[in-house]
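Below: one structure, written as structure tokens.
The values are calculated or read from the model by the stated rules, or taken from the named source; none is laboratory data. What you see is a predicted model; the values in this text were computed from it and never measured. Cβ: placed from backbone, ideal geometry, glycine included. Neighbour counts: every protein chain shown.
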Amino acid sequence: MHDLKNFNFKTEFNTFIIAEIGINHGGKIKKALELIKSASKTGCDAVKFQTYISEKRAPKNKFSELHDILKSCELKFSEFSIIKNYCDELNIEFFSTAFDEESIDFLNSIEMNIFKISSFDLINHKLIEKISSLGKTNILSLGMGNKKEIDTASKILARNPKCKNALLHCISSYPTKEENAHLVTINFLKEKYKDFIIGLSDHTVNIKVPSYAAVLGAQIIEKHFKINENMNCIDESVSITELQMKKLVSEVRLIEKIMGVDKEDLTKEEKDIIKYRRNNIL
């Protein structure tokens, strides 16, 4: 397992892979633990949840239908303590998207190393400032954001020099068609935000797009996760199974080997063949 807090991003092709459990547990702690156990078998580096108080995330008087869905999937803070301990036992990184001040404070109290900020909070400057003040590793998804909004949010995160920050290219469409993935954005983000780790939060239904993102140098890949095709869950339409996640991890690790490092001299494979090189011979 890679530890993102101490992850070595010196080489471009070095990828931290996240199984986003999100709210696919349906508010059931037993199901949450089953999802963690399943994800731990795939070789991915982390599992990500969502931590929130429904009344603050989506007030019932404003977002009645959304509130009811979120309420049915809400886990107690005490249950997140159980989840964190279980992840530690399985040697897989636990982290979560925090949607309110109380959730931020709680997650910090259990020594969570990584904070995720949702695309839906890209312009929630107060929340971003609160998370940045902790000096942790922060991952911000950029779905629905324009260049000005992304620039403002990234500057808020960068104010605290203790933070290690990442930006994830994201298309907030559920599911996203492969032809609408706009992966060229990864190149733009790498060029503009050189002090940030750049990655992908993907909502396509397969693993092709995140694999291509790894070729482009995305150093974080986040995919929604479910145990198998028979699992009924909130985000099933954009979630990949345990078998698919295993394949994604395997493909990304192979891509890392294929990409290698800059060739500055003979490779060891070339040294035995160089004697056959021709010089000034017609």
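Structure values in brief
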{"quantity": "Qualifying positions in segment 106-127 - more than 17 Å from the chain's Cα centre (by Cα) and of a type outside the set (F, W, Y)", "calculated": "L107, N108, S109, I110, E111, I123, N124, H125, K126, L127"}
{"quantity": "Within segment 237-262, tally of residues that are acidic (D, E) and in contact with a helix residue (DSSP H, G or I) (Cβ under 6 Å, 6 or more places away or on another chain)", "calculated": "2"}
{"quantity": "Search result, residues across segment 241-272 that are β-branched (V, I, T), exposed (fewer than 13 other Cβ atoms within 10 Å of the Cβ) and closer than 21 Å to I18 by Cβ", "calculated": "none"}
{"quantity": "Output for segment 199-208, where each listed residue is surrounded by fewer than 24 Cβ atoms within 10 Å (Cβ to Cβ) and outside any loop (DSSP other than H, G, I, E, B)", "calculated": "K208"}
{"quantity": "Residue tally, condition in contact (Cβ under 8 Å) with a residue 40 or more places away in the chain and not in a loop (DSSP other than H, G, I, E, B), over segment 43-65", "calculated": "8"}
{"quantity": "Filter result (of a type in the set (S, T, Y) and touching a strand residue (DSSP E or B) at 6+ places or on another chain (Cβ under 7 Å)) within segment 155-206", "calculated": "T185, Y193, S201"}
{"quantity": "Filter result for N113 (at pLDDT 95 or above and not β-branched (V, I, T))", "calculated": "no"}
{"quantity": "Hits in segment 232-282 (condition: in a loop (DSSP other than H, G, I, E, B) and touching a Ser or Thr at 6+ places or on another chain (Cβ under 8 Å))", "calculated": "C233, V261"}
{"quantity": "Residues of segment 53-73 classified as over 12 Å from I23 (Cα atoms) and among the aliphatic types (A, V, I, L, M), total", "calculated": "3"}
{"quantity": "Among the residues listed as E229, E149, the single one being among the charged types (D, E, K, R) and closer than 27 Å to D68 by Cβ", "calculated": "E229"}
{"quantity": "Filter result (among the small types (G, A, S), out of contact with any helix residue (DSSP H, G or I) (no Cβ under 6 Å at 6 or more places or on another chain) and within 25 Å of S109 (Cα to Cα)) within segment 46-71", "calculated": "A46"}
{"quantity": "Some residue of segment 83-92 being touching a Leu at 6+ places or on another chain (Cβ under 8 Å), assigned to a helix (DSSP H, G or I) and surrounded by fewer than 16 Cβ atoms within 10 Å (Cβ to Cβ)", "calculated": "no"}
{"quantity": "Every residue from segment 82-109 that is of a type in the set (A, V, I, L, M) and under 21 Å from E222 (Cβ atoms)", "calculated": "I83, L90, I92, A98, I104, L107"}
{"quantity": "Segment 226-240, subset of a type in the set (D, E, K, R) and surrounded by fewer than 19 Cβ atoms within 10 Å (Cβ to Cβ), residue farthest from F16 (Cα to Cα)", "calculated": "E229"}
{"quantity": "Some residue of segment 207-227 being among the basic types (K, R), within 14 Å of the chain's Cα centre (by Cα) and either over 25 Å from L142 (Cα atoms) or at pLDDT 95 or above (or both)", "calculated": "yes"}
